[in-house]
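Shown below is the structure under consideration.
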Ligand SMILES: C[S@@+](CC[C@H](N)C(=O)[O-])C[C@H]1O[C@@H](n2cnc3c(N)ncnc32)[C@H](O)[C@@H]1O
C-alpha cells in the first residue's frame, strides 16, 4: 500500500476538464504536476494551497478530493485488507458520520465477479472502516448515505492485468456547484459550474465585452457572469456565513478529526478570510443582459439575481432583440433553448423553427458578436442553422449529453 499526501483529484462536469486545468493552474504557483483525467484533473503538490484554493475559488470544479492511499488488488479480500490499513480515525470523528462511494473504470471487455457491483464494493469498504474503529476504540461512527460528515471515494481501474485501487477523501462536503444564490428553478436550469465553464469556453472578456443570455430562464449564466466580472468567489455565500459563524464546520475538511492540529488549519483560515474579502472595489457597469419571453422566468431570474442590480433582466422575445447599447463593441450572445430530455414530447418542428429563426435574426442584428448555443447532442442543427460552426464542445449536464456550438457573426 502506498500512502499519498501530495495528490488531489478535482472533479468537474465531463467536457470541462481542460477548462478546469487552466483555471486551477491560475490559482496557485505551487502545482508540481497536473494531468487531465476522466471527469476531472489530478494535481501533485507538496503545498496544499492549490487544492484548498480550488475549494473556495474554482467556478468549474464539482469537488476536491485528497488521495490518501493507492494499492494494487486482486479481489475483495485484498480490498478489505487495504482499507483496514488506513488510519480512518484521523479523518472520521467517532461521533461523526461517513459514507463510501465507488467508481469503476475498467473498460467494456473486463469482468470481475468481486467488482462488478459498486454498491457491494462500497459495503465491503464500509465494513473494513467500521472494523478498524472497533479494533482501535471498541466503538464506531455511523453511516449517513445522504449528508455525511466525511465521504470516501474508491476509484478502481485496470492497469494491465491488475486492478488499481485509489482511496480518496472528499474535502468539500456539498458539491461546489451549489452556490446557494438560487432561490427558485425555472424550466431546466443549468448547473452553476457548467454555466461558469461555458463562460470560460466563450472567452468572454468581462472588462470590455457585453454578455447576453437571450433565453435566460432562471438566470444561471447571468449570475455566474456577474460573479466573474465583479471578481466575487463562487463560494461567496458560504464565506459570508463562515465569517459570521467562524466555529461552524462548513466544509468536510474542517470536520476531519486531526484538522484542528494540522498544518492545513492556519492556511485554510487565512485563505477563507482572504477569499471573503475578495471582490472588485467598484460596482461594475451593466454589461450583462438577460431576456426571456416568459414572464414567470423573468420573475425567477430577478429573484435569483437578488442583490446584483448590475444585471439587466427583461421580458423580451429573443427573435426581436437588438444589441442593448449602440456603442458596444460586441461580445457574447448565448442561449440555451428548450431541448433535450423532453424533446420527444415537445414539438420537434417547433424547436427547429425556433433555431432557424433565431440564428437568422442574429445574422442580421448581432454582427461582431460571438453566438453560442447549448443544445442536445441528439438534435441535428445543420439543416436549420445557416451559419458556419466555428467550434463545437461536447458537454455533459448530469448524464445528458449536450453540445456547445460557437458561431462568429460578421
Ligand atoms: C432550458 S431554459 C433555459 C434555462 C437557463 N439556462 C437556466 O439556467 O435557468 C429555456 C428558456 O428559453 C425560453 N425561451 C424559449 N423561446 C424563447 C424565445 N423565443 N425568446 C426568449 N426566450 C425563449 C424559455 O422561456 C425558457 O425559459
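Looking only at helices (runs of 4 or more DSSP H) that fall completely inside segment 174-250, which ones have 3 or more residues that are touching a helix residue (DSSP H, G or I) at 6+ places or on another chain (Cβ under 6 Å) and within 16 Å of the ligand (Cβ to nearest atom)? Please lay out each step first, then the result.
On the way: elements: 192-201, 220-229, 236-244.
So the answer is 192-201, 220-229.
Filter segment 298-320 down to the residues that are touching a residue at least 24 places away in the same chain (Cβ under 8 Å) and assigned to a loop (DSSP other than H, G, I, E, B), then identify the one that is surrounded by the fewest Cβ atoms within 10 Å (Cβ to Cβ).
Top of the filtered list is 306.
Could you count how many residues in segment 124-141 are under 23 Å from residue 165 (Cα atoms) and touching a residue at least 12 places away in the same chain (Cβ under 8 Å)? Break it down stepwise before answering.
The initial filter retains those residues of segment 124-141 that are under 23 Å from residue 165 (Cα atoms), namely 124-133.
Restricting the remaining residues to those that are touching a residue at least 12 places away in the same chain (Cβ under 8 Å) gives 124-129, 131-133.
Qualifying residue count, segment 124-141: 9.
Another question, then. Counting only residues that are crowded, with 21+ Cβ neighbours inside 10 Å and touching a strand residue (DSSP E or B) at 6+ places or on another chain (Cβ under 8 Å), give me the strands (runs of 3 or more DSSP E) lying completely in segment 1-46 with at least 1 of them.
Values: elements: 7-11, 33-37, 40-44.
Because the criterion is at least 1 residues that are crowded, with 21+ Cβ neighbours inside 10 Å and touching a strand residue (DSSP E or B) at 6+ places or on another chain (Cβ under 8 Å), the strands (runs of 3 or more DSSP E) in segment 1-46 that meet it are 7-11, 40-44.
Exactly one of these conditions fails for residue 267: (1) closer than 22 Å to residue 311 by Cα; (2) in contact (Cβ under 8 Å) with a residue 60 or more places away in the chain. Give me its number.
It is condition (1) that residue 267 fails.
Moving on to the next point. Here are 100, 64, 86: which of them is assigned by TED's automatic domain parsing to the domain that holds residue 22, touching a helix residue (DSSP H, G or I) at 6+ places or on another chain (Cβ under 8 Å) and closer than 30 Å to residue 199 by Cα?
Numbers: 100 fails: closer than 30 Å to residue 199 by Cα; 86 fails: closer than 30 Å to residue 199 by Cα.
Among 100, 64, 86, only 64 is assigned by TED's automatic domain parsing to the domain that holds residue 22, touching a helix residue (DSSP H, G or I) at 6+ places or on another chain (Cβ under 8 Å) and closer than 30 Å to residue 199 by Cα.
The values are calculated or read from the model by the stated rules, or taken from the named source; none is laboratory data. Predicted model, so just to flag it, every value in this text is computed and none were measured. We place every Cβ from the backbone using ideal geometry, glycine too, and count neighbours over all the protein chains shown.
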